[in-house]
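Below you'll find the structure, written out as structure tokens, and then a few comments.
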Number of protein chains: 2
Amino acid sequence: MSEGMTGAQALLATLAGAGVEVVFANPGTSEMHFVAALEAEPRVRGVLGLAEGAVTGAADGYARMTAAPGVTLLHLGPGLGNGLANLHNARRAHSPIVNVVGDHATYHKQYDAPLESDIDAVAATLGPVFRSTTPADVGKDAAAAIAAAQDAPGSVTTLILPADASWSEGGAPGRPITPARPTRSSAVDDVASACRSGDPVVILLGGEGCREPALRAASRISEALGVRLFVETFPARLERGAGLPAVERLGYVPEQAEQQLGGARHVVVAGAKPPTTFFAYPGKRGDLVPSGAELHTLAAPGEDVTTALEELADLVAPGAAPAPAPAHRPELPTGELLVATWPDVIGALLPEDAVIVDETNTSGLLLAAATAGAPRHDVLSLTGGAIGQGIPVATGAAVAAPQRPVVNLQADGSAMYTISALWTQAREGLDVTTVILNNRAYAILRMELQRTGAGDVDPAKAGLFDLSTPDIDFTHLAEGMGVPASVANTAEELADRFRRAVAEPGPHLIDARIPPLL
Amino acid sequence: MSEGMTGAQALLATLAGAGVEVVFANPGTSEMHFVAALEAEPRVRGVLGLAEGAVTGAADGYARMTAAPGVTLLHLGPGLGNGLANLHNARRAHSPIVNVVGDHATYHKQYDAPLESDIDAVAATLGPVFRSTTPADVGKDAAAAIAAAQDAPGSVTTLILPADASWSEGGAPGRPITPARPTRSSAVDDVASACRSGDPVVILLGGEGCREPALRAASRISEALGVRLFVETFPARLERGAGLPAVERLGYVPEQAEQQLGGARHVVVAGAKPPTTFFAYPGKRGDLVPSGAELHTLAAPGEDVTTALEELADLVAPGAAPAPAPAHRPELPTGELLVATWPDVIGALLPEDAVIVDETNTSGLLLAAATAGAPRHDVLSLTGGAIGQGIPVATGAAVAAPQRPVVNLQADGSAMYTISALWTQAREGLDVTTVILNNRAYAILRMELQRTGAGDVDPAKAGLFDLSTPDIDFTHLAEGMGVPASVANTAEELADRFRRAVAEPGPHLIDARIPPLL
């Protein structure tokens, strides 16, 4: 089979052999032979994005919902650059990603042609980089990149593919490499002592610690010993809803997080990093571990947090059962659509087995409470703080889980970074309901301007935070890309539009007009 | 004045002192004090972009049309990443750009907070990088960055501004530094000998060589000695039209460029790099200097090409006058809108003193001929091959030259990378007419698939090149962002819509529906 196989064909065969079924792509000339090989490989489907931020965010959403790596195809350095922000979010999510980045033919690089740039340096800021120089390298390098992406806890890797390594014959599929599994925690006894000390203990869950088995173990510990539980502020994938333990997220606003962690004598991180503020603020501490409290690492990212929590629970809470959240939905609200009311519409109407992609920013402060007792669902959040993740991640999640309804709750300002991902939703007929929380402002910056004490400027008047001159009509944008859309000005209208959107197959967008928080 | 001045205020004062009147911005929390200082500095205006590709492309367009540097404000590594593709184009245009990239406070970096990434490594792929660590550094570093950006031939520089260096007091405006001027050519005599040899000579003009004084000098040489002239394939800013020497661009397709340079015994580059193909193709040479021809560098980028051409002309063509293009407009075409007909509409109706932003790709093959005798105008082209430049560059050009009509001739696929720049055009009331050449395909990739010989795939059937499922309705997209829009299906309709768009102030978009080249 490898007789006469090009590098590109060897790459596709290696990907397919590793279980990759989808490549999210925005190709260019240097990737033509990859495209030809992709068209000829029935096991792998190409999903086109109109801009690389849509492509990389979709690969992240896909990786979060599957065991397989998210694979992208990008066009040289500028393609990687356009995709960098959502790859940053994927890196923070520990999503296994393999970027295939085309490059000029090896012998063409000497000319410093217009598209030449330092791909290697940019890719190295994300994770491991592989560069094939001959077609014989490509399969091996691809297998190594796939394994490196999947090494616990998951990384963003890049395979740079020169055009001549891609088009020349002499390729062979790479032999699959078993990725490194999570290592065993050695801190279970230490944390058990802290839990039994009688002092106040907080456990902060992250990574795999936000999935059902870990949550159940953590809940047993909490039930037995009164240990307080939180999940990290921006989990890659949090399982929650009726029947699962309800664990609050650590607050984004430092004062809220300080209050949540206040009085703790022991702070235990389990799959999460030690808690710090998102930004620095003048005169504020960045470290959120309370003064005088002891920090314990039950499991760092890359360690087996689920087993560690289960072992800990067996030690300190042998007889305890987890506490499932009761099924409970809020009443449907009426009247004006407000930050305080719109989440109840979602809580009341969220379909079974939904995936929520949460990029609500300031508009979503009450979302978690409103959906805590809704049917079981996953929440994918903005892991790296690079806004513009929501629409692409929802797109990739829907490709990964076509049988599940995806609900993207999406701030308006953030939506505009990667709005073209709506087109991919229409093209692929994905079952995504996008609710734009449209407050016509960068409301979070109004809040942050106040919080950073940057002075004499009235946040509501700062021109650079205003998105209302002119107003953006999201229904026009959606319809222009083939996604049916509607407007909701009241709670009743949002309920009506949301019910219809989730009932119909394919993508929908609802422009929910709410006042800004500030 | 520097008493109690913060780093941010020192930065703004330094920018304003260097003549900077505009900052193209997409800020975040770490940039709040810069925003507050900007709101308080009457000499500098903030222009908001909804995504960083719009911001950096606008700064490039602005820099191409003014003597001042284009300044951006970007939010940490992800903001720089999103802006990287158009900064790549700016680097290839030799546009002087200063990126101000906010960073976490110096003491916050230890926490590896979610938005932390290696800004320095990414910025270093573009050009010189400055990182201020104290407020006292900021003014000095800003002055150094501005000078480095303006050192001939112009560079993309980055000033990384930690939040605490920005918000703390102790800043002072940086003393302006005189940038390095272009160096004198030492090759005039050598090139004069070649020109007088009687052998066939080609001069390839680039950079400042595409502006009026250099074009006139080159035209004198051509008139006197029959030397053939070309401008580089993708000039940053080409002055042309009736009354100026008409110089053909070197072709993008290698066979065309080979034919243009064919038979030359001497190839002289003047402000341009030696000619090479854009991409490598299997079995093709990348070097476009004909075998056996001698390459002469009259002026490399960064050398004073205008003076060198004028000295050369005085030596070899003392009595010759330049040959101005005659005023001539094509007839208005009728009937179906085709790749062969739409350019004549533009040629017939181009307003006086226009700026054309050309991202037509495959649809624009006949544009140069159709506009050669139109009233004098500038052409800004896709210098670095990173598509998605047109709408932002047009935006920045219109900010720089508010009295000139800007005409953005824009391929559909390329438009979708940075479509949100239309919103900035509406917000700022910019006089930009965008004509979408809408062929519902990545037509250039269909062409390149054939050219690279990537085999058995029918280009017209390759799903990854198809933009028609679903069709994108650009009038909806434009109107959703406050830009009036219309459709043109025939040459008559395009003429009607174009006439009206250029007659009315403010931005307009015309969705011109044409068949793809392939």
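The values are calculated or read from the model by the stated rules, or taken from the named source; none is laboratory data. Everything quoted here is computed from the prediction, not taken from an experiment. Neighbour counts run over all protein chains shown; Cβ positions are idealised from the backbone, glycine included. Remember, those area values only see protein heavy atoms, side chains included, never the ligands or the DNA or RNA. Shrake-Rupley method; radii C 1.70, N 1.55, O 1.52, S 1.80 Å.
What does the convex hull of the alpha-carbon atoms of the range B:39-185 project to on average, in nm²? Display every interim value, and only then the final one.
Values: hull surface 37.0 nm².
Taking a quarter of the hull surface, the average projection is 9.3 nm².
Label-to-label distances for B:Asp118 across copies, nearest first, come out at 1.0 nm, using points 7 Å from Cα in the beta-carbon direction. Cβ-Cβ distance of B:Asp190 and A:Glu169, R₀ of 35 Å, FRET efficiency by 1/(1 + (r/R0)^6): the value works out to about 0.20.
Obtain the radius of gyration and the Kirkwood radius of the range B:92-146 from its C-alpha atoms and give Rg over Rh. Here Rg/Rh amounts to 0.99.
Hydrodynamic estimate: the Kirkwood radius of the protein assembly as shown over Cα pairs, inserted into Stokes-Einstein at 20 °C and 1.002 mPa s, corresponds to D of 72 µm²/s. Between helix B:84-93 and chain B there is an angle of about 60 degrees, using the helix long axis and the longest principal axis of the Cα atoms. Rounded to the nearest 10 degrees, the inclination of helix A:390-400 to the longest alpha-carbon principal axis of chain A is 70 degrees.
Taking the empirical scaling 2.2 N^0.38 Å for compact globular proteins as reference, chain B has a Cα radius of gyration ratio of 1.00.
Proximity of backbone amide H atoms, modeled 1.01 Å from N, is registered between A:Ala320 and no other residue at under 5 Å, excluding neighbours fewer than 5 places apart on the same chain.
Consider a paramagnetic label point 7 Å from the Cα of B:Thr134 along Cα→Cβ; state which residues of the range B:164-182 have an amide N under 15 Å from it. Flagged as within label range: B:164-173. A full extension of the chain between A:Asp287 and A:Glu352 corresponds to an added length of 19.5 nm, given 0.36 nm per residue minus the alpha carbon distance.
Distance check, please: which entries in A:Lys284/A:Lys461; B:Lys109/B:Lys140; B:Lys284/B:Lys461; A:Lys284/B:Lys140; A:Lys109/A:Lys140; A:Lys140/B:Lys284 exceed 30 angstrom between their Cα atoms? Don't skip to the end; give the middle numbers.
Working: A:Lys284/A:Lys461 26 Å; B:Lys109/B:Lys140 23 Å; B:Lys284/B:Lys461 26 Å; A:Lys284/B:Lys140 28 Å; A:Lys109/A:Lys140 23 Å; A:Lys140/B:Lys284 28 Å.
In this structure, not one pair exceeds 30 Å between Cα atoms.
Give me the net charge for the shell around A:Ala90: Cβ to Cβ below 9 angstrom, other residues only, Lys and Arg +1, Asp and Glu -1. Net charge around A:Ala90: +2. Relative to the longest principal axis of the Cα atoms of chain A, helix A:135-150 runs at roughly 10 degrees.
Relative contact order of chain B: what whole-number percent is it, with Cα pairs under 8 angstrom and at least 6 residues apart? Mind showing how you got there, number by number?
Working: 1300 pairs, mean separation 74.7, N = 518.
It comes to 14 percent, rounded to a whole number.
Look at the stretch B:68-77: the mean tally of other chain Cβ atoms within 10 Å of its residues' Cβ atoms is 2. Eigenvalues of the alpha-carbon gyration tensor of the range B:342-513, scaled by 5 and square-rooted, set the equivalent ellipsoid semi-axes at 26, 18, 15 angstrom, largest first.
Between B:Leu295 and B:Leu517, the modelled label-to-label distance comes to 2.6 nm, taking each label 7 Å out from Cα in the direction of the beta carbon. For the range B:443-518 and the range A:185-261, compute the distance between their C-alpha centroids and round to whole Å. A separation of 52 Å, based on Cα centres. For the range B:15-27, putting each phi into the Karplus relation 6.51 cos²θ - 1.76 cosθ + 1.60 with θ = phi - 60° gives couplings of 4, 4, x, 8, x, 6, 10, 9, 10, 8, 9, 9, x Hz, in residue order, rounded to whole numbers and with x for Gly and Pro. Specify the inter-centroid distance of the range A:7-63 and the range B:80-106, based on alpha-carbon positions, in whole Å. Each part's Cα centre sits 29 Å from the other's.
Along the range A:216-230 the Karplus relation, 6.51 cos²θ - 1.76 cosθ + 1.60 evaluated at θ = phi - 60°, assigns HN-Hα couplings of 5, 5, 4, 5, 4, 4, 4, 5, 6, 10, x, 4, 7, 10, 9 Hz to successive residues, with x for each Gly and Pro. Ordering A:Tyr62, A:Ala121, A:Met32 by Cα displacement along the dipole of the range A:1-122 toward the positive end leaves A:Tyr62 in first place; charges were set at the Cβ atoms of Lys, Arg (+1) and Asp, Glu (-1). Take each residue in A:247-260, count the other chain C-beta atoms within 10 Å of its C-beta, and the mean is 0.
Quick one: dipole size for the protein assembly as shown, taken about the Cα centre, charges +1 on Lys/Arg Cβ and -1 on Asp/Glu Cβ, in debye to the nearest 20.
Numbers: 70 positive and 116 negative charges, 78 e Å.
The dipole magnitude comes to about 380 debye.
In chain B, a dipole from Cβ-located charges (positive for Lys and Arg, negative for Asp and Glu) runs towards its positive end, and of B:Gly206, B:Ser219, B:Ala369 it is B:Ser219 whose Cα lies farthest in that direction.
Bridges between two residues of the range A:188-316, per DSSP, are antiparallel at a rate of about 10%.
Here the spin labels are modelled as points 7 Å beyond Cα on the Cα-Cβ line, and at A:Gln450 and B:Thr490 they lie 5.9 nm apart. Accessible area per residue was computed with a 1.4 Å probe on protein heavy atoms; A:Ser30 scores about 10 Å². Evaluating 6.51 cos²θ - 1.76 cosθ + 1.60 at θ = phi - 60° for every residue in the range B:296-308, the Karplus couplings come out as 10, 9, 5, 8, 7, x, x, 9, 7, 5, 5, 4, 4 Hz, glycine and proline recorded as x.
Note on the range A:342-513: dipole from Cβ charges, positive end direction compared against A:Ile436, A:Val487, A:Val399; the farthest Cα belongs to A:Val399.
Taking amide H positions as placed in the peptide plane 1.01 Å from N, state which residues far from B:Thr360 in sequence (5 or more) or on other chains have amide H under 5 Å from it. For B:Thr360, whose amide H was placed from the backbone, the distant partners under 5 Å are B:Ala411. Taking R0 as 51 Å, what FRET efficiency do you get between B:Ala180 and A:Ala40 from their Cβ-Cβ distance, rounded to the nearest 0.05? Taking R0 as 51 Å, the efficiency between B:Ala180 and A:Ala40 is 0.45.
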